[in-house]
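Below is one structure, written out as structure tokens; the observations come after it.
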Amino acid sequence: MRKLKITMFVEAFNKHYWLRMFFFLGLLLSIWSIRFPFIFRKMYAEDGALFLADALKYKFPTDLIEPAAGYSTLIMRIGGRFVSIFPLEFAAIMSGTFTAICLSLLAAGLFKYNNFKSDNFWGRFTLALSFLLLPLASFSAIGNIANLYVYFMTASAVFLYYHEKTKSETVYKSLVLFIAALSLPLTIFLLPIMIHRIYLDKKAIGSLKILRSDVVFVIGLISQFVFIAITSFGERVPNAPQSIFKVVYLYFDRGVGISTIPKWGFISNTNGVIQYENSIEILQSLQVRMVIALAVLAFLAFTFYRNVSKIPREVRSQLGFITTLGFMYSMLIGLFFNSEPRYMLLTSFLTCWAILLLLDSQGNSKLRFILTNYLIVVFVFGLTASTHRSQGPEWRSELLMARQICAYSENLENIKIRTLPLDKTWNVEIPCKNLL
């Protein structure tokens, strides 16, 4: 009877998108409430200072097309408008809730719309979990609207390999790709995945196969760069090249190590001083971390070559492409912008995706079971936030103080409310008339 119930659940989970979505939403909200309760009590950076403030300042839908940091940030603008609908007391709660809804919508799609060749329920489920629970996200991206653009970009990487079969799949995939493209110009780094899939299709069937979602994706990218040219041309330019050694190291640290080793924690450099957070003592050494990350890559390479004859040619090509893309993306972003944790989320996820794709394609079921469950252990141990993301003022208490100041200051038009993180000055500027 128990086995029958499990089988029925698995079949329903495979079949019904909304069941998956609500399952992941409930799971995510439960984990956040236990491990990251500050998400629902504290406003983070641009969530308040930019997206909520602008939603209160501009009328809908003009707020959606306001540039930020020199480009279109569509999904965050939608999030800011969503939060502004509710009383300000609930701003932090609704910011976290909107983020959880978006991630659950994407995870429900990732479970089904991917490039796995076998009907491997546990592998697909772990792929969705890796997206929701990436340890690197706990540094700054957990539970906030400000970093949703990276999540949409990350999910789009998987969707671009998937061949939609129905009208609803086409609409879903096209919508995600379009939002991703209009939320972050770095999504252009995913264009090679689309081209690679078209190339593999041509080799398989002898002709080019361009999907409708491909067209929507390209239109979204063009729209983003036209938007930049019209509204913000020249505002965001690359930095002078940074140290190649630092960039390579951060690829191994934030792209490989934290995705594969429990209690890896976070590393940062403040005024020339290396700082470790949430790492066990043995991992508080640059040399040790580098050796371990290289050992992980060596083990994965050994696993690949040992089973290479059993892995379909198309999957071998995808594995090589995914890992190369992760490295090249990290190098270019690190050299000319910054290897910040939020930008390295894509590389971290690509590592997990490549591992699960490798395990899905080789015949050793015991190794597949062990390593898949090992990844889940890594995710569980990564459920610890950084002080950067967790420490700071409570939204409701700061809002109450702001209301009292507005009430007793007749000539005060706007007031600034302090938010996270504390390493910089972040405030939400709100008209007093909105508080009284």
Exercise for review: Quote the relative contact order of region 152-250 in percent (integer), defining contacts as alpha-carbon pairs under 8 Å separated by 6+ residues.
Suggested key: 31
Review point. What spacing in nm lies between the two simple spin-label points modelled at ASN364 and SER223, each 7 Å away from Cα in the Cβ direction?
Key: 4.7
Revision key, fill the gap. To the nearest 0.05, the calculated FRET efficiency linking MET331 and VAL308 through their beta-carbon distance, R0 being 35 Å, is 0.85
Review point. What residues of region 366-385 lie in the reach of a label at ILE282, counting those whose backbone N is under 16 Å from a point 7 Å from the Cα along Cα→Cβ?
Key: 378
**Study point:** Average Cα contact separation per residue, region 395-434, under 8 Å, 6 or more apart, as relative contact order %
**Key:** 36
Point to revise | Cα shape, region 254-357, gyration tensor, a/c 1.5 rule | key: oblate
Study note, to complete from the structure: Per the rule of 0.36 nm per residue minus the C-alpha distance, extending PHE22 to ILE376 adds in nm 125.4 nm
Practice item. Per residue of region 378-387, in order, report the coupling 6.51 cos²θ - 1.76 cosθ + 1.60 (Karplus, θ = phi - 60°) as ³J(HN,Hα) in whole Hz, putting x for Gly and Pro. Key: 4, 5, 5, 5, x, 7, 9, 7, 7, 5
Exercise for review: Would you please put 168-178, 81-91 in order of how densely packed they are, using the mean number of other Cβ atoms within 10 angstrom per residue and starting with the highest?
Suggested key: 168-178, 81-91
**Study point:** In sequence order, calculated HN-Hα J values of region 124-131 (Karplus, 6.51, -1.76, 1.60; Hz; x Gly/Pro)
**Key:** 5, 4, 5, 4, 5, 5, 4, 5
Study note, to complete from the structure: The extension gain from SER207 to SER232, computed as 0.36 nm times the residue separation minus the Cα-Cα distance, is 5.0 nm
Point to revise | Relative packing of peptides 414-423, 116-125 - highest average C-beta neighbours within 10 Å first | key: 414-423, 116-125
Revision key, fill the gap. For the chain, any Cys whose C-beta has no other cysteine C-beta under 4.7 angstrom counts as unpaired, and these are CYS102, CYS352
Review point. Helix-derived [θ] at 222 nm for the chain: sum -39500 (n - 2.57) over DSSP H runs of at least 4, divide by residue count, nearest 500?
Key: -18500 deg cm²/dmol
**Study point:** Cα-based helix-to-principal-axis angle, 91-112 vs the chain, degrees rounded to 10
**Key:** 10
Revision key, fill the gap. With the 8 Å Cα cutoff and a minimum separation of six or more residues, the chain has a relative contact order in percent of 22
Check your understanding: Once the Cα atoms of helix 191-205 and of the chain are each reduced to a long axis, what angle between those two axes, in degrees from 0 to 90 to the nearest 10, is obtained?
Key -> 30
**Study point:** Qualifying lysines (Cα of each under 29 Å from Cα of LYS117; at least 8 residues distant if same chain)
**Key:** LYS3, LYS5, LYS15, LYS165, LYS167, LYS173, LYS202, LYS203, LYS209, LYS310, LYS366
Practice item. Treating cross-link reach as a plain straight distance, find the aspartates and glutamates whose alpha-carbon is under 13 Å from the alpha-carbon of LYS433, omitting any fewer than eight places away in the same chain. Key: GLU410, GLU413
Point to revise | Peptides 246-256, 126-136 ordered by average Cβ neighbours within 10 Å, highest first | key: 126-136, 246-256
Point to revise | Rounded Å value of the spacing that divides the Cα centres of region 248-265 and region 102-136 | key: 20
Study note, to complete from the structure: Relative to the chain, whose Cα atoms define the longest principal axis, helix 17-35 and its Cα axis are tilted in degrees, nearest 10, by 60
Exercise for review: Collect residues whose amide H, placed 1.01 Å from N in the peptide plane, falls under 5 Å from the amide H of ILE415; neighbours closer than 5 in sequence don't count.
Suggested key: ILE430, CYS432
Review point. How large is the dipole of region 83-200 about the Cα centre if only Lys and Arg carry +1 and Asp and Glu carry -1, each at its Cβ, rounded to the nearest 20 debye?
Key: 380
Review point. Each residue of region 46-54 in turn: what ³J(HN,Hα) in whole Hz from Karplus with 6.51, -1.76, 1.60 and θ = phi - 60°, glycine and Pro shown as x?
Key: 5, 3, x, 5, 10, 6, 6, 4, 6
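Since every read-out is calculated from the coordinates, none of them should be taken as a lab result. Note that this is a predicted model, so its numbers are computed, not measured. Positions of Cβ are backbone-derived with ideal geometry, glycine not excepted, and every protein chain shown enters the neighbour counts.
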